[in-house]
Amino acid sequence: TGESSVKPLRLYLVLLVGTVVVAWLVMQLAPIDAAGSFAYQTGAFGTASTLFLESAVRDPGDPFRVYSAGSAQLGLDDSEAADLLLRSYELGDEDLKQRSAYNAGIAYFREADYFAAVRAFRAVLEIDPSDSDARYNYELALRYALPPTPSEQQQRTNPEEGQTDPTITPSPEPGGFRCV
C-alpha cells in the first residue's frame, strides 16, 4: 500500500518538472515582442514598456519595435515616449508614420508642449486629412498653444476722451486725497 501511494507522487513530480521545462523552453523560444504584447494587453504597462524597450534596443532599425516601445511608454514617461515615437516616424512606412505622429502628439500634449503637439497632429493630417481624431486634437492643442486674442475692450488701456462715467469713479477728484 505504501508503494501504491508513491507511484502517483512520482507521476505528479514528472508532470510538474515536465511542465516547468516546457514553459522555460517556450519562454526562451517565444519572441520578446509576444511577451510585451501580452503584458500590454493585460494592463501591465510597466512590464510591457520594459520588454518593448529591450526589443527596440536589440533591433533599433525596426520601426514597429520602436513604435511599440514608444506607445508602451505613454503615460509612464511621455518625454521618452515622444522621442521613441519620432524615431519610429522617421523609420516607418506611411501607416506607421501616421500612428507614430498621433501618439507623439498625445505624449507632447501630456507634457504641455503644445506647439510640438500641434506639429505632430499636423503631420497626421498631412497623411490623412480625414482623420477626425487627429483634427480634434490638432485644434485642441492649437487652442492651448495660442492664447486667444483679447476682446476690443480688453485691449484698451486708457478710455477714450469723454468715455468715463463719473458715477463709478471712487472719488470725484481723480488723483488722490484732498488736503485740508
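Values quoted throughout were computed directly from the atomic coordinates according to the rules given, and no laboratory measurement underlies them. Quick caveat, the model's predicted, so the values are computed rather than measured. Please note: Cβ atoms are built from the backbone with ideal geometry, for glycine as well, and neighbour counts cover all protein chains shown.
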Query raised in the report: Counting alpha carbon pairs within less than 8 Å and at least 6 residues apart, what relative contact order, in whole percent, applies to segment 37-129?
Result: 20 percent
**Report entry** FRET efficiency, Arg10 to Arg110 (Cβ-Cβ, R0 41 Å, nearest 0.05)
**Finding:** 0.10
**Report entry** Protection proxy ranking, peptides 7-16, 74-83, average beta carbon neighbours within 10 Å, highest first
**Finding:** 74-83, 7-16
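Rounded, prolate or oblate: which one fits segment 103-147, using the alpha carbon gyration tensor with axes a ≥ b ≥ c (rounded when a/c is under 1.5, else prolate when a/b beats b/c, else oblate)? Don't skip to the end; give the middle numbers.
Numbers: a/c = 2.08, a/b = 1.53, b/c = 1.36.
Prolate.
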Query raised in the report: Percent relative contact order of segment 34-83, based on C-alpha pairs within less than 8 angstrom and at least six residues apart?
Result: 29 percent
